[in-house]
Amino acid sequence: MNKQLSFPQLPAIARIFGYLDVLHVARCVAFVATVLLIWISLRPFPDLSDPGVADLDRGKLASTYITLGIFSVAALALTVFRHARALRSLMTPMFMVLCCWICINTVFSHDFGLSFQRVILTCSVLAMAACLLLLPDTQEELDLWLSAAALIFLALCYLGVMLAPSLSIHTARDTLEPHLAGDWRGPFGHKNVAAPIMAMLVFVGIYLAGRRAIIPGVAIACLSGLFLIMAGGKSAIALCALALLLSILVVAVESFAFRACLVFLPLLGLNLLTVGSVFSERLAALVKLLPLDTTFTGRTDIWEFAISSLGLHPWLGYGFAAFWGTDSIQNLVQDDQIEWAITAAHSHNGYLDNALTMGIPGLALIVAIFVIAPLRNFSVATRSGNDDPLAKLFLRIWLFGIYLSSMESFLLDRADPIWFTFLVGVFGLHYIARFRLMSEPATADNRAQPC
């Protein structure tokens, strides 16, 4: 007769799991996994010396859509019943108009299939970003989970540099940009993605230190700051300092009008000196007087081409995310533009790119929702008393993002890690303008309390 197996440790294990809040653990895992999924991606550390690296990325489309779709559904399932009021508050009239415009723009896209696919992916990322801040029960949990995700990510970045430098640092063997050799890029495909993410992590470290999480805060700020320097992201470094300075000034000034002048006048000037110099001889002459590369590292040619292309379809654009890298540009380029126009991924200006794809009305809606409204939300939050370090973190991420959009294109760029992090800042400002931060776990009575 077989002897019955006994496991005396099982009751103890069962008691341990009995004390666990399964949904709470699920929310913690979902938070950390979502952040790491977006920052690291499904294909980290690409080999840029492989000429077929872009084809490999395209081959991962199905897994990307499925994975992000699952994560967005899971995030909604974990938050929609607990924080339905907060999620409903995102459906502002302006946001609903933008959604309708994106639908119209997709229907009339020059490549309907591509635009439709990218709309689905963008919606998944929007849902994940909207739910992320609603997963923790308290601000203390947010601090803990955020510091864990940031430290895991930074550890992976530095391990990549130490153990696989050819896959974590730009090299002279890179197919497209060998002149970037020596610049750190971590798990990303380009230093221009790594540097902005590290700049935003500097803000996270400062926030955590301000919340008395001194050790993780200082560690995150120092590690990300060093990586930012080693990435050689001059624009990101400058904008990181600018965002910190502007945040101090914005907090010090109480008038919304003064805050708007502090934030938007330099932003307008930056865009006039960059993209504006392409179609204005006076602005071009002014730029020549500055100690700058007047071609902005060759971007003026791209801006000229983008502006001339926009003139052909100013109202509807070419379709949601359906211009660069598509057949739309084949009939637009001249013989001397073919070499770079076919390989260009964007126009190095998020506002110009969204005008190209969604027309001038689409650009106006994006500016209203992602540029103007967040500052108004911050002003409302400070007046209602929600002006702790978390509000300043969201403010800095948002400031950095709107200025970076003058040099890089990430607005509405699907699962781009910069776009996702910027979205978290924008949604964070939206939430704290309408709801109180909680210092104790949510209950049916205190969940999502309005200001």
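The values are calculated or read from the model by the stated rules, or taken from the named source; none is laboratory data. This is a predicted model, so every value here is computed, not measured. Note that each Cβ is placed from the backbone with ideal geometry, even for glycine, and that neighbours are counted across all protein chains shown.
Among residues of the range 15-50 being aliphatic (A, V, I, L, M) and surrounded by fewer than 10 Cβ atoms within 10 Å (Cβ to Cβ), the one that is modelled with the highest pLDDT is V22.
Would you mind stating whether V80 is β-branched (V, I, T), closer than 29 Å to R434 by Cα and more than 19 Å from the chain's Cα centre (by Cα)? When the stated conditions are applied, V80 passes them. Summed over the range 373-414, the residues that are free of Cβ contacts under 8 Å to residues at least 60 places away in the same chain and of a type in the set (K, R) give a count of 1. Out of everything in the range 144-176 that is part of a loop (DSSP other than H, G, I, E, B) and in contact (Cβ under 8 Å) with a residue 40 or more places away in the chain, what residue ends up being nearest to K234 (Cα to Cα)? Here the answer is H170.
On the basis of being part of a helix (DSSP H, G or I) and either at pLDDT below 95 or farther than 28 Å from E304 by Cβ (or both), does F370 make the cut? Against the criterion (part of a helix (DSSP H, G or I) and either at pLDDT below 95 or farther than 28 Å from E304 by Cβ (or both)), F370 does not qualify. Are any of the residues in the range 348-360 modelled with pLDDT of 85 or more, surrounded by fewer than 19 Cβ atoms within 10 Å (Cβ to Cβ), in contact with a Phe, Trp or Tyr (Cβ under 8 Å, 6 or more places away or on another chain) and farther than 30 Å from P93 by Cβ? Looking through the range 348-360, none of the residues is modelled with pLDDT of 85 or more, surrounded by fewer than 19 Cβ atoms within 10 Å (Cβ to Cβ), in contact with a Phe, Trp or Tyr (Cβ under 8 Å, 6 or more places away or on another chain) and farther than 30 Å from P93 by Cβ.
Tell me the residue from S147, S166, S109, S124 that is closer than 25 Å to I215 by Cβ and of a type in the set (S, T, Y), please. When all the criteria are applied, what remains is S147.
For the range 361-371, filtering for residues that are surrounded by fewer than 19 Cβ atoms within 10 Å (Cβ to Cβ), of a type in the set (A, V, I, L, M, F, W, C) and in contact (Cβ under 8 Å) with a residue 24 or more places away in the chain leaves 2.
If you filter the range 173-222 down to residues that are closer than 28 Å to E141 by Cβ and of a type in the set (D, E, K, R), you find that the one that is surrounded by the most Cβ atoms within 10 Å (Cβ to Cβ) is R211. Scanning the range 271-280 for residues that are part of a helix (DSSP H, G or I) and either over 13 Å from T300 (Cβ atoms) or β-branched (V, I, T) (or both) yields N271, L272, T274, V278. When every residue of the range 259-270 is checked against the conditions, at least one turns out to be at pLDDT below 95 and either over 21 Å from V371 (Cβ atoms) or surrounded by 15 or more Cβ atoms within 10 Å (Cβ to Cβ) (or both).
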